[in-house]
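Participant: Here it is, the structure, as structure tokens.
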Amino acid sequence: MTTKNNDSTWTKSTCAYCGVGCGIEAKVNANGTLEVRGDKDHPANYGKLCSKGLKLGETVTPNGRMLSPSVHGEDCAWDDALSHVANTFKNTIAEHGPDAVAFYVSGQLLTEDYYVVNKLMKGFIGTANIDTNSRLCMASSVVGHKRAFGEDCVPGNYEDLELANLVVLTGSNLAWCHPVLYQRLKAAKARRGTKIVVIDPRQTATCEIADLHLPLFPGSDIALFNGLLAYLAKRGQINQGYIDNNTIGFGSALDTAGRFANINTVALATGLKVGDIETFYQWFRATPKTVTVYSQGVNQSTSGSDKVNSILNCHLATGRVGLPGSTPFSVTGQPNAMGGREVGGLANTLAAHMEFGNKEQAELLSHFWQTENLASQPGLKAMDMFNAMESGKIKALWVMATNPAVSLPESQRINTILANCPYVVVSDCVESNDTLKYAHVRLPAQAGAKNPAP
Ligand code: SF4
């Protein structure tokens, strides 16, 4: 959809820098530069942009862009490059089976692209060897949501931050990582005195709006939130009706949390002052309209899923889920980590939150996609995928809109694996990055897109 503005046409799109997903409008000036402004009608930002979004226009130049496909370093026509990719994948599959190929994709993809590439791999190539860099930042939240709610759904939205009386930010430097959302929260605080607790080992920029900063030991979140659950239960501040009607397993959650029933034990485990812990617990207890926002500081951890569930348990126990201004709220780092989860961008899901191992769902999807070749079991997750390349099991990889040579753990090993992989295809908008140097085929990609018509 486009809006007319005098003699120019503004095109609506989305800022692709962070998970806030601000709406933008862009137009080409007479001198060829791109002008970008916030979309006043967009519910994420109502016309506001942070400095990154405001500078988007300056990034749209041919400088440093990949402008032509190439095979083995030689520029070529699209048809030739695509035939090369198709034939190599086809031959590899014919010789070694579908599990010998893989796609490594990204939370930077549009939902529609995510859907199509997932459909191609799981529906027609017949393997689920497609995983995403969102695995690194969000998989623990996916697991936490599934354990708590039965599916990977996020029960909050941005307005909840403006309706809450208490906002708890844990593992989230909102000021830097979700700037426009931070400004919305800051404005709400100025308007209605929202109390804000920041739980972070570091004194971040977000602490500027904190009424209470809890600089806990890294990794001690579970002790803090299990302590909160035990505190609420001890004082009869749980919502027994909600628990009885909507949950199972409360007793065992409480038993586990019981280890931190004494605030001194929580203080020892977290390094926090007893008085500060008591203040946090007391505020949470007394404030039905509480939103707990959590992000990568919680997720990116060897115990990330348990951390997520320790947070969700406190909200489930008080019935504060999915109510206006009263809910847990996982915010993603990348622009479209959630879109990928919706359409099955992870190796262990099908599409639209359907699961492997469910005959009915497999039949439904096979019928909808008109395929007889649907993958029947989960594929390899990000690190397992690269391990399989190292052992020679995966022989052809297509990387889309991500830079695993830098962003995966053990980057030296990952670089060696990419260098030794028999066939690497990379789709990206830039001319050079650390992964592109291993590509046998390079495919230029768009950096942004017009919003689809509503
Ligand atoms: S807050 Fe995020 S989505 Fe919004 S303009 Fe800034 S970088 Fe872009």
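Participant: Rounded to the nearest 500 deg cm²/dmol, what is the calculated helix-only ellipticity per residue at 222 nm for the chain, with -39500 (n - 2.57) per DSSP H run of length n ≥ 4?
Facilitator: Mean residue ellipticity, 222 nm, calculated: -11500 deg cm²/dmol.
Participant: I've got another one for you. Going down the list Lys48/Lys186; Lys393/Lys437; Lys189/Lys289; Lys55/Lys186; Lys12/Lys55, which pairs span over 19 Å between their C-alpha atoms?
Facilitator: Violating the 19 Å Cα-Cα cut-off are Lys393/Lys437; Lys55/Lys186.
Participant: To make sure I understand, if each residue's beta carbon is the centre and we count other beta carbons within 10 Å, what order do Ile93, Ile248 fall in, fewest to most?
Facilitator: Neighbour counts put them in this order, fewest first: Ile248, Ile93.
Participant: What's the exposure ranking of Thr92, Thr132, going from fewest to most Cβ atoms within 10 Å?
Facilitator: Thr92, Thr132
Participant: Roughly how tilted is helix 359-369, in degrees to the nearest 10 and between 0 and 90, from the longest Cα axis of the chain?
Facilitator: Between helix and principal axis, roughly 50 degrees.
Participant: Can you order the peptides 107-113, 269-275 by their average number of other Cβ atoms within 10 Å per residue, highest first?
Facilitator: 107-113, 269-275
Participant: A further question follows. Using alpha carbons only, how many degrees (0 to 90, rounded to 10) separate the axis of helix 78-96 from the longest principal axis of the chain?
Facilitator: Approximately 80 degrees, to the nearest 10.
Participant: Rg and Dmax of the range 76-185, Cα atoms, in Å?
Facilitator: Every Cα atom of the range 76-185 included, Rg and Dmax give 20.0, 61 Å.
Participant: So which aspartates and glutamates pass the test for Lys52, namely a Cα distance under 19 Å, with those fewer than 8 places away in the same chain ruled out?
Facilitator: Output for Lys52: Glu25, Glu35, Asp39.
Participant: Let me ask you something else. Taking every DSSP beta bridge with both residues inside the range 138-330, roughly what % is antiparallel (nearest 5)?
Facilitator: Just about 5 percent of them are antiparallel.
Participant: Just need the Rg to Rh number for the range 2-59, please, alpha carbons only, Kirkwood Rh.
Facilitator: 0.96
Participant: Over the range 138-330, how many percent of alpha carbon pairs lie in each 10 Å bin up to the one with the longest distance?
Facilitator: Binned Cα distances yield the sequence 10, 40, 40, 10, 0.
Participant: While we're on this one: If you place +1 on the Cβ of every Lys and Arg, -1 on the Cβ of every Asp and Glu, and leave all else neutral, what size is the dipole of the chain about its Cα centre, to the nearest 20 Debye?
Facilitator: 1320 debye
Participant: Can you give the local net charge around Val321? Use residues other than it whose beta-carbon is closer than 13 angstrom to its beta-carbon, Lys and Arg +1, Asp and Glu -1.
Facilitator: Details: positive: Lys289, Arg320; negative: Asp160.
Once positives and negatives cancel, what remains is +1.
Participant: If I take all pairs of Cα atoms in the range 257-372, what percentage of them are more than 25 Å from each other?
Facilitator: Tail of P(r) above 25 Å: 43 percent of Cα pairs.
Participant: Follow-up. Note the angle between two axes, namely the Cα long axis of helix 274-286 and the longest principal axis of the Cα atoms of the chain, as a number of degrees from 0 to 90, rounded to the nearest 10.
Facilitator: 90 degrees
Participant: What order, most packed first, do the peptides 10-17, 59-66 have when packing is the mean number of other Cβ atoms within 10 Å of each residue?
Facilitator: Numbers: 10-17: 19.6, 59-66: 12.5.
So the order, starting with the most tightly packed, is 10-17, 59-66.
Participant: If you don't mind, there's one more thing I want to ask. According to the Cα gyration tensor, what semi-axes, each the square root of 5 times an eigenvalue, does the equivalent ellipsoid of the chain have, listed from largest to smallest in whole Å?
Facilitator: Its equivalent ellipsoid spans semi-axes of 40, 28, 20 Å.
Participant: Give the peptides 184-190, 124-130, 351-357 in descending order of average Cβ contacts within 10 Å, highest first.
Facilitator: Answer by packing, highest mean first, reads 124-130, 184-190, 351-357.
Participant: Aspartates and glutamates within cross-link reach of Lys195: Cα-Cα under 19 Å, excluding same-chain residues under 8 positions apart?
Facilitator: Glu159, Asp160, Glu162, Glu208, Asp211, Asp276, Glu278
Participant: Quick one: check the C-alpha center-to-center distance for the range 329-402 versus the range 117-191, whole angstrom.
Facilitator: 18 Å
Participant: Semi-axes of the equivalent ellipsoid for the range 1-134, please: Cα gyration tensor eigenvalues, times 5, square-rooted, ordered largest first, whole Å. Kindly include the intermediate steps, with their values, before the conclusion.
Facilitator: Details: eigenvalues 270, 80, 32 Å².
For the range 1-134, the ellipsoid semi-axes come out as 37, 20, 13 Å.
Participant: Let me ask something else. Write down the radius of gyration of the range 122-198 and its Dmax, each obtained from C-alpha positions, in Å.
Facilitator: Considering the range 122-198 through its Cα atoms, Rg and Dmax are 17.0, 55 Å.
Participant: Explain nothing, just the number: relative contact order of the range 311-450, from Cα pairs under 8 Å at least 6 residues apart, as a whole percent.
Facilitator: Answer for the range 311-450 is 13 percent.
Laboratory data are not the source of any read-out in this text; all were calculated from the coordinates shown. This is a predicted model, so every value here is computed, not measured. Here the Cβ is made from the backbone with ideal geometry for all residues, glycine too, and neighbour counts use every protein chain on show.
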